[in-house]
There are 2 protein chains.
Amino acid sequence: MTAPDEQPGSAAHVLELVANGSATSRADLVRELGLAASTVSARVQELVEAGLLAESGEGASRGGRRPRLLRVAEQGAVALAADLGSHHIRTGAVGLTGDAFDIDDHAVDLTAGPEPALDTLAERLGTLAERQRAAGRTVRGIGVGFPGPVDADGARIIAPSRMPGWHLFPLRDRLAARLGLPVLLDNDANMMALGEHRAAHPTPRHLVVVKAGRGIGSGVISDGRLHRGARGSAGDISHVRVDEAAELPCSCGNIGCLETVASGAAIAAALREKGIAVDSATDILRLVENGEPHATTLVRQAGRDIGAVLAVVVNFFNPEAVILGGALSGAQPLVAAVRGMLYERCLPMATSDLTINAAGCGPDAGLLGAGQAVLRRHTMTDAPPAPAAARS
Amino acid sequence: MTAPDEQPGSAAHVLELVANGSATSRADLVRELGLAASTVSARVQELVEAGLLAESGEGASRGGRRPRLLRVAEQGAVALAADLGSHHIRTGAVGLTGDAFDIDDHAVDLTAGPEPALDTLAERLGTLAERQRAAGRTVRGIGVGFPGPVDADGARIIAPSRMPGWHLFPLRDRLAARLGLPVLLDNDANMMALGEHRAAHPTPRHLVVVKAGRGIGSGVISDGRLHRGARGSAGDISHVRVDEAAELPCSCGNIGCLETVASGAAIAAALREKGIAVDSATDILRLVENGEPHATTLVRQAGRDIGAVLAVVVNFFNPEAVILGGALSGAQPLVAAVRGMLYERCLPMATSDLTINAAGCGPDAGLLGAGQAVLRRHTMTDAPPAPAAARS
DNA sequence: CCACTTCCTTCGATCACCGAAGAAAGACTC
DNA sequence: GAGTCTTTCTTCGGTGATCGAAGGAAGTGG
């Protein structure tokens, strides 16, 4: 069913199957993993002894002895997660069950440079870590989604648009040093893709997740794993030239980029020109829901533009599913326009079994993905690794 | 160095390292694989006993005992390969060293339907198999590249344009039954991608190989492995809408597709309208080399159009390299136009370390890829598997 | 109450790999 | 040219993961 990065049958894999409900007993695991019963028993025992898995009573008989139910231990491991936006930070804890809790939003202006943002981030995550430890849980690490390009190693920020001072900032290692925990850093759309991928049923092997908010980004899952590309910049669709954008200059230095017409920032600017007060992508969403005609028109056109670009991507990449996330994905006209464009422009072979849906995880997708990524990597190292350890 | 599909250290991996010259002795293999010397010795012994590897004298000392050189056995395994075009078939044998020999071209009109083509194909491959067996080599299987979509299982042809009668034709199993050998079937661009990927140095993790000939296709390598997509149709870039094509109707039923302006077929048609007699993509190439202005202009514009589509692909997929293959890639203006378009339109981050080159394997890339794909899958099964076995 | 199913554990056996020890063969040094 | 160091490769026991067979525990259904 699920096919995580790990080898089949690894401890992390077992945990994942139990966490997402694919398996509730040892016998389930045997069926799911195809391993020998004795092997599964041994693995489960390890996990129980490590405090990550627990037995909880017995289940219904299927004609024989009742299975001894397994569940992930609540007092087990958690990861901290942070989803950064250009003007706010969302933090939370993610457990082995794959749900996020203790979620908070903080207003932080990333455009004011990295140091103040790092201060706030470290402080918030620090108190969050305290709370989790007080509740008896082990903090395994921190996952961070950043609203801009991250280098191939997941160590530094690369030339983010409209965020001066961040270029080459070593966010991963700076944060790891501050909190003494391993940090996993990636682009926000990539984190969102991980979150949506895990939540999607059936689990798609190849998936494209679009984040349409103030900016436009996407995360790519290829063969069940995140595709980051040669330089870590895969998934960029916002600087593709579209007819609609004509000669409009873009922050990237080029002209006619998708971002200049279809991003939340662009739509907001266009609405302000018409004398309508908007600030964030959520403001736009509200206007659309209230039937404001200008906003609806702009959002629908944005959907068409995004759809035109996605049509190329879908033909080329042939994913099982396209998931639309980010604040603007709440706008029905946008989703409808993307769907229409894809069905019109793509090859029938590419769309015949393609599902195109709005995101299922809502605003927490980024947190969930970031947290789950950390847990997948740092769960089975028994002690939380050496303080300054910040592996990619 | 090289990272094939297999687990590191598998017998196939050892063979690959010796075949491509990465390792010439057991000690080399130890360094390359990171395995214990004893393990490598055992593996090599197996392979020698299986007749796939041979010792050939001693090499130069590096300050101690001389290494005993290894090479792949000439009398070892081969795969047969066939590269189908709309009007011809190219066949050859591919050895473990990764080179093709006993190559032949046959005129066959695929547009006349599958049955006659299958007859010719089976007959040619049959005599090729005979010759190889007579030379003392074991034929492991057959790889076939088809100039149109192949289903996700690699079993059937799907709705190829301009080739009536082929839809859903079970080419893999029909050919396997005729020859009693396992058959590996895939799109021609995918096979070409496999061939170019293996030949490329350094081996790119993520790669896009474009085949620009009569039609336009591409093959995608993601994380060292062929990306076929959900339905096996990944890599399609020929039915992307481009401005240049305006409202031109395409064989796919849509309008404005890249194929209608940038394919060899489209260029040939445009030249014929100007009264210039051309038939194949090679004819076009000859015209360009002779400085025929119309042909050169059309080819350059085709390069720009292909480049415009590839720009989206490169931003999205962020490969290490883009390789241009197919007959038209021999035209310098086309390669130059693609390069120009990519550097102009892509993000700097995506192109800063991107290599964009014409294919290195020439017209044999498809054969090599098809053969190598078979050898990777069917090398270590000691006896050539059961006659009708046609695994995907 | 007895046969049969399901669930899970115990207990050798197997297989891949490792590392230590050493043998073979040469290079280097004084 | 004799001893020492390097490099290459093999032999041989040891370790760890997994498997399969056997069986015990706990049910269901006639």
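So if each residue of separation counts as 0.36 nm, and I subtract the Cα-Cα distance between B:Glu273 and B:Thr120, what length gain in nm does that give? It would help to have the intermediate numbers written out before the result.
Details: separation 153, 0.36 × 153 = 55.08 nm, distance 3.39 nm.
Contour length minus the Cα-Cα distance gives 51.7 nm.
Going toward the positive end of the dipole of segment A:48-135, with +1 on Lys and Arg Cβ and -1 on Asp and Glu Cβ, which of A:Pro67, A:Ala82, A:Ser56 do you reach last?
A:Pro67
In percent, what relative contact order does segment B:44-87 have, based on Cα pairs under 8 Å that are 6 or more apart in sequence?
33
In debye, nearest 20, what is the charge dipole magnitude of segment A:201-362 about its Cα centre with +1 on Lys and Arg Cβ and -1 on Asp and Glu Cβ, if you could check?
300
Span-like helices, chain A: DSSP H, alpha-carbon axial extent 27 Å or more, mean Kyte-Doolittle -0.5 or greater, which ones?
Answer set is A:293-317.
At A:Ala358 and B:Thr297, where each label point lies 7 Å from the Cα along Cα→Cβ, what is the point-to-point distance in nanometres?
Here the answer is 5.1 nm between the modelled labels.
Could you derive backbone 3J(HN,Hα) for segment B:211-226 from the dihedral phi with the Karplus parameters 6.51, -1.76 and 1.60 (θ = phi - 60°), listing whole Hz in sequence and x where the residue is Gly or Pro?
For segment B:211-226, the Karplus curve yields 10, 10, x, 4, x, 10, x, 8, x, 10, 10, 10, 6, x, 10, 5 Hz.
For B:Arg286, go 7 angstrom from Cα along the Cα-to-Cβ vector, then report the distances to that same point in the other copies in nm, smallest first.
Sorted ascending, the copy-to-copy spacings read 7.1 nm.
Of all DSSP beta bridges in the protein assembly as shown, what percent run antiparallel (nearest 5)? Let's see the in-between values first.
Numbers: 56 of 98 bridges.
Bridges in the protein assembly as shown are about 55 percent antiparallel.
If we hang a label 7 Å off Cα along the beta carbon direction at B:Ala135, how far is it from the matching labels on the other copies, in nm, shortest first?
So the distances to the same position in the other copies read 6.9 nm.
Cross-link candidates for B:Lys274: which lysines have Cα within less than 29 Å, leaving aside residues fewer than 8 places away along the same chain?
Candidates past the 8-residue exclusion: B:Lys211.
With contacts defined as alpha carbon pairs under 8 Å and 6 or more residues apart, what's the relative contact order of segment B:61-200 in percent?
Normalised by residue count, the contact order of segment B:61-200 is 22 percent.
Principal axis extents for chain B, Cα atoms only, whole Å, descending order, please.
68, 49, 40
So for chain B, averaging the separation of alpha carbon pairs under 8 Å that are six or more residues apart and normalising by length, what relative contact order in percent results? Before the final figure, lay out the partial values.
Working: 838 pairs, mean separation 69.5, N = 392.
Reported as a whole number, the value is 18 percent.
Once the Cβ-Cβ distance between A:Leu168 and A:His88 is put in as r, and R0 is 25 Å, what FRET efficiency do you end up with, to the nearest 0.05?
0.60
What FRET efficiency comes out for A:Arg133 versus B:Asp243 if R0 is 41 angstrom and r is the Cβ-Cβ distance? Round to the nearest 0.05.
It comes to 0.10.
Can you show me the helix-derived [θ] at 222 nm for chain B, built from DSSP H runs with n ≥ 4 at -39,500 (n - 2.57) apiece and divided by the number of residues, rounded to the nearest 500.
That comes out to -12000 deg cm²/dmol.
For A:Pro164, which inter-copy label distances result when the label point lies 7 Å beyond Cα on the Cα-to-Cβ vector, reported in nm to one decimal and in ascending order?
Those label-point separations list as 6.6 nm.
Given the options B:Gly195, B:Gly136, B:Gly213, which has the most mean-square fluctuation in a GNM of chain B, springs set between C-alpha atoms less than 10 angstrom apart?
B:Gly136
Find how many whole Å separate the alpha carbon centroid of segment A:27-62 from the alpha carbon centroid of segment B:42-73.
With segment B:42-73 and segment A:27-62 each reduced to a Cα centre, they are spaced 46 Å.
What is the protein assembly as shown by shape, rounded, prolate or oblate, if you read a ≥ b ≥ c off the alpha carbon gyration tensor as root eigenvalues and call it rounded for a/c under 1.5, prolate for a/b larger than b/c, and oblate otherwise?
Oblate shape, in that a/c is at least 1.5 and b/c is the bigger or equal ratio.
Read-outs throughout are calculated quantities, based only on the coordinates presented, and are distinct from any laboratory measurement. As the structure is a prediction and not an experimental result, all values here were calculated from the model. For neighbour counting, all protein chains shown are included, and Cβ atoms are generated from backbone atoms with ideal geometry for every residue, glycine included.
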